[in-house]
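One structure is given below, encoded as structure tokens.
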Amino acid sequence: MNVTYVTNFPSIDIKHWSGIVYFTAKELEQNANVDYITNLQEDWTFSLKVKNRLFGGSKIYRADRSPEFGKSYARQIAARLKPSADILFSPGSTLMSYLKTDKHKVFYTDATFASMINYYDYFTNLSSQYIKEGNRMEQLSLDTSSLAIYSSQWAADSAIKDYNTDPAKVKIVPFGANISTYLPLDEIKDAVKKRDENVCKILFLGVDWFRKGGDITIEAVKYLNEELHLPTELHIVGIDSLPVDNLPPYIINHGRISKATPEGMKRVEDLILQSHFLFIPSRADCTPIVFSEAMSYGVPCVSAATGGIPSIVSDTNGIILSPDVSPKDYAEHIYKVFEDKKYYNELALSAYNDFETRLNWDTAMKTIVGYMKEL
């Protein structure tokens, strides 16, 4: 099977889209013959420049979903597409929307355009023109693709409900973990046993402080220390300058750590491995890769039941609560699990099992390749 991998990123470097582009490409290479169409260029036509000024006033207009960009991408792909290709695969729904071809088109992503409107701050205050063009591009993509693969039930439901897509072509395949080292079960068991039994170590890993619930995390950790009297450390990764002053000594900010280098990757993995919980109480999220990464080291995840998170985090591999709960509620659940050593151990190993059976790129891409072979 010959697969052409299509992306507008300059390359499949690990730094793009949290490493998803790189890991999906490399695993795809293990299961199919792959060639690449990368670095698709944005075509700022005169009409697009006019629209950008006309609709970009008090409301937000972006060109990324415009027919001008879409048709330009289609021309670029058609010009570089090899006759031997059986399937075109893209980690995103937009690039092939306007492409007319007799080849099968398959995309893999974490959300629909409709599901993001007024969900992320980035998708609020949108102009009617941008919404119109965004929905048009999404509809075209779904109508002309042979497979629409999503990382969560939340996204898949939107494709079916908001765009009247045939459920038979919609598939759910969770994202894998972007890690360099896969530890066997015996080493995970040993790592879990070695975690400090007296100090609860919590990791917050994210770059969008408010959307990821960084403020909620801090308040919960303060409650654990000051009200529940559980010695707790919070390690923060991803943000150089925290929007919080006068932090207590048990909150440590490591700043941004680049996973593009072996040293950076190892540092992040070591921080995950020593943690008891990954705690990201997101206000809005699709399917964060970091949950899969944490589970690969037997670390239970704590989060909110919003967006695509319930397809990754559950009561069998972590703690998932309503988005409306308070920091106190999170703290009390963490305290209860941490204090029950037998239950914590079972939860940690269950998290690892979830990684091993479904939240890894080998499983994800073999599943996707299986779907593509059926075409």
What are the residues in region 177-224 that are of a type in the set (Gly, Ala, Ser) and not in a helix (DSSP H, G or I), if any? ALA177, SER180, GLY206, GLY213
So which pairs qualify, if the first residue must be in region 186-200 and in the same structural domain as LEU349 (by TED's automatic domain parsing), the second must be assigned to a strand (DSSP E or B) and aromatic (Phe, Trp, Tyr), the Cβ gap must be under 8 Å, and the two must be at least 6 apart or on different chains? CYS200/PHE277
Please state which one of ASN317, ASN353, ASN360 is touching a Gly at 6+ places or on another chain (Cβ under 8 Å) and either closer than 30 Å to LEU88 by Cβ or modelled with pLDDT of 95 or more (or both). ASN360
Residues in region 76-104 that are in a strand (DSSP E or B) and either of a type in the set (Asp, Glu) or surrounded by 23 or more Cβ atoms within 10 Å (Cβ to Cβ) (or both) total 3
Quick check on PRO249: is it exposed (fewer than 14 other Cβ atoms within 10 Å of the Cβ) and either touching a residue at least 24 places away in the same chain (Cβ under 8 Å) or among the basic types (Lys, Arg) (or both)? no
Any residue that is among the β-branched types (Val, Ile, Thr) and over 20 Å from ALA111 (Cα atoms) - is there at least one of those in region 156-173? no
For region 25-75, which positions are assigned to a loop (DSSP other than H, G, I, E, B) and over 30 Å from ASN178 (Cβ atoms)? ASP43, TRP44, THR45, GLY56, GLY57, SER58, LYS59, TYR61, SER66
Among the residues listed as TYR73, TYR108, TYR98, the single one being under 22 Å from GLY134 (Cα atoms), in contact with a Pro (Cβ under 6 Å, 6 or more places away or on another chain) and at pLDDT 95 or above: TYR108
Taking the stated definitions as given, is GLU269 under 16 Å from ILE236 (Cα atoms), assigned to a helix (DSSP H, G or I) and either among the acidic types (Asp, Glu) or in contact with a helix residue (DSSP H, G or I) (Cβ under 7 Å, 6 or more places away or on another chain) (or both)? yes
Close pairs from region 319-334: first free of Cβ contacts under 8 Å to residues at least 12 places away in the same chain and assigned by TED's automatic domain parsing to the domain that holds MET295, partner surrounded by 15 or more Cβ atoms within 10 Å (Cβ to Cβ) and of a type in the set (A, V, I, L, M, F, W, C), Cβ under 7 Å, at least 6 apart: ASP329/LEU321
Selected residue [assigned to a strand (DSSP E or B) and assigned by TED's automatic domain parsing to the domain that holds PHE204] from SER303, SER258: SER303
Do we find a residue being part of a helix (DSSP H, G or I) and more than 18 Å from the chain's Cα centre (by Cα) anywhere in region 316-328? yes
Quick one: is LEU142 surrounded by 22 or more Cβ atoms within 10 Å (Cβ to Cβ) and at pLDDT 95 or above? yes
Restricted to region 340-367 and to residues being free of Cβ contacts under 8 Å to residues at least 40 places away in the same chain and among the charged types (D, E, K, R), the residue surrounded by the most Cβ atoms within 10 Å (Cβ to Cβ) is GLU346
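The values are calculated or read from the model by the stated rules, or taken from the named source; none is laboratory data. A quick note: this is a predicted structure, and the numbers were derived from the prediction, not measured. Glycine gets a Cβ as well: all are built from the backbone with ideal geometry, and neighbour counts include every protein chain shown.
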